[in-house]
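Structure incoming, see below.
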Amino acid sequence: MNKLALYCRIGFEKEVAAEITDRASERGVFGFARVVENSGYVIFECYQPGDADRLAREIPFNRLIFARQMIVVSDLLENLDPQDRISPILAQYERIAEDINLKQAVELFVETADTNEAKELSTFCRKFTVPLRQALKKQGWLQGKPNAKRGQILHCFFTQPNCCYVGYSYLGNNSTHFMGIPRLKFPADAPSRSTLKLEEAILTFIPRNEESKRLNENMVGVDLGACPGGWTYQLVKRGLFVYAVDHGKMAASLHDTGRIEHCPEDGFKFQPPKRKHIDWLVCDMVEQPSRIANLIGKWLINGWCRETIFNLKLPMKKRYQEVQLCLSYLEEELTKQGFWFKIQAKHLYHDREEITVHVAILGKKN
C-alpha cells in the first residue's frame, strides 16, 4: 500500500499533483504523481511502502486546497470478472487488514470520478454497494459506529466497470461526503446559485458547534460585489445585518427582510461606516486574484473586519503558483502587523475556476 488516490474537479489534476508532492516532501516522503488530464483524480505513488498510510494520517486533509478526498489505495485491480468482482476486492482488503483494523471501519463508499464519462458508472456503483457491503460485514469488518471519531471509511474507486482501486481513508482526516462532494439544495428564494458557494464555504470552514456563535443576529457583515445577493442571502439567513456593496440592483426579497443596506459603490473603494463594528467581510468579485488579496489584506490590517470569506478567481495557467503567492502575501502581511490568525483555503465543489479562502483574526501581539 504505497499509493494515495486524490479526487478533484476535472481540469485541476496538475494542481493536485503539485500540492500533494509539496506536502509529501515537507514530511520527507517522496514519490511521483500519475496525472491523466480531465480524469478527476490523481494517483500519488510513494517510493517506500507504508508512506502512503503515513501521509493519509499526517497531512491535514483540511489544509489540502485542491483535493476533495484523500485515500490510501492498493494497486489497480484490472480485468475484473463481471460475474465475480467481489472476490478480488475482498482479497485486497484481506491484505489491508494485516495492517489496519477494518472492524473499526464505519462506512463503505463505492465511488467513481466526477466526470461526464464516469457518470455512466454511477448507477453501477450504487447497485454494487449493497452486495459488497454485505460481503465486507460477513468478514467481520465495517463494525464501527456511524458517529465514531476514530476508524476508517472504506473506498472502492472504479475507473471502469472492470477496474478499481481498493482502499481506505481515516476518519477525522478525510471528507465524510460520498465522492468528497457535499450535497446542498438550492434555496428557492435565493437570488442566485452563487449562494451555494458561500453556504458550502461556511459548512467547510466553520465548525457546526461554533456557527451560531460566529454568525448571528448580533453581527454586521459587508458583501463586496454583492449583486444580485446570493452571498448576502446566506448572511441574512443567519441573522446578520449586511452592507451590500455593488452598483447593480439587489434582489427585492433581500430589501424586504430589513436586514440590508444597499451601498451602490465600487467594492475596491468602499470603507465601512465610521464607529460601526464589522464582524464579517465576504467577497466574490471577478478580479485578478492578487488585487483581491491586497483588498482583503487592507480590510484585515485596518481592523475593518474580524473574519472574511472570499474567492480568488484563478488564471488559466500557473493556478497553483498564483494561489501560493496570494496566500503567502496575506500570511506575510498579517504576521508583519503582529496578528494571530488562521487561514484556510479550498477548491469547493460549487467553485469553478476559483478557490475560496477563509481568514479569521484571533488576536494581536502586544
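The values are calculated or read from the model by the stated rules, or taken from the named source; none is laboratory data. These numbers were taken from a predicted model, which means no experiment stands behind them. Cβ placement follows ideal geometry from the backbone for every residue including glycine, while neighbour counts extend to all protein chains displayed. To get the accessible areas, we keep the full protein, side chains included, count just its heavy atoms, and leave off ligands, DNA and RNA. Shrake-Rupley method; radii C 1.70, N 1.55, O 1.52, S 1.80 Å.
Taking only the stretch 317-351 into account, find how many residues are assigned to a loop (DSSP other than H, G, I, E, B) and without any contact (Cβ under 8 Å) to a residue 24 or more places away in the chain.
Qualifying residue count for the region: 2.
Something else about it: Check whether at least one residue in the stretch 193-202 is without any contact (Cβ under 8 Å) to a residue 60 or more places away in the chain, out of contact with any helix residue (DSSP H, G or I) (no Cβ under 8 Å at 6 or more places or on another chain) and either of a type in the set (A, V, I, L, M) or at positive phi (or both), and report yes or no.
no
Oh, and also: Are any residues in the stretch 108-129 outside any loop (DSSP other than H, G, I, E, B) and open to solvent by 80 Å² or more (accessible area, probe 1.4 Å), and if so, which ones?
Correct list: Lys119, Glu120, Arg126, Lys127.
Moving on. Of all the helices (runs of 4 or more DSSP H) wholly in the stretch 193-278, which have at least 2 residues that are farther than 22 Å from Ala345 by Cβ, small (Gly, Ala, Ser) and open to solvent by 20 Å² or more (accessible area, probe 1.4 Å)?
252-256
Looking at the stretch 109-130, can you tell me whether even one residue there is closer than 30 Å to Gln234 by Cα, of a type in the set (A, V, I, L, M) and out of contact with any Gly (no Cβ under 8 Å at 6 or more places or on another chain)?
No: zero hits.
Give the residues of the stretch 43-80 that are open to solvent by 40 Å² or more (accessible area, probe 1.4 Å) and in contact (Cβ under 8 Å) with a residue 60 or more places away in the chain, sorted by residue number.
Of everything in the stretch 43-80, those that are open to solvent by 40 Å² or more (accessible area, probe 1.4 Å) and in contact (Cβ under 8 Å) with a residue 60 or more places away in the chain turn out to be Arg57, Pro60, Asn62, Arg63, Asp75, Leu76, Glu78, Asn79.
Also: Looking at the stretch 172-185, which of its residues are open to solvent by less than 30 Å² (accessible area, probe 1.4 Å) and either among the hydroxyl-bearing types (Ser, Thr, Tyr) or in contact with a strand residue (DSSP E or B) (Cβ under 7 Å, 6 or more places away or on another chain) (or both)? Please lay out each step first, then the result.
Step one: filter the stretch 172-185 for residues open to solvent by less than 30 Å² (accessible area, probe 1.4 Å), giving 173-175, 179-182.
Result: Asn174, Ser175, Met179, Gly180.
I need the strands (runs of 3 or more DSSP E) fully contained in the stretch 1-63, keeping only those with at least 3 residues that are modelled with pLDDT of 95 or more and closer than 22 Å to His177 by Cβ.
3-7, 41-46
Any idea which of (1) open to solvent by 60 Å² or more (accessible area, probe 1.4 Å); (2) of a type in the set (A, V, I, L, M); (3) part of a helix (DSSP H, G or I) is the one Ala188 doesn't satisfy?
It fails just one condition, (3).
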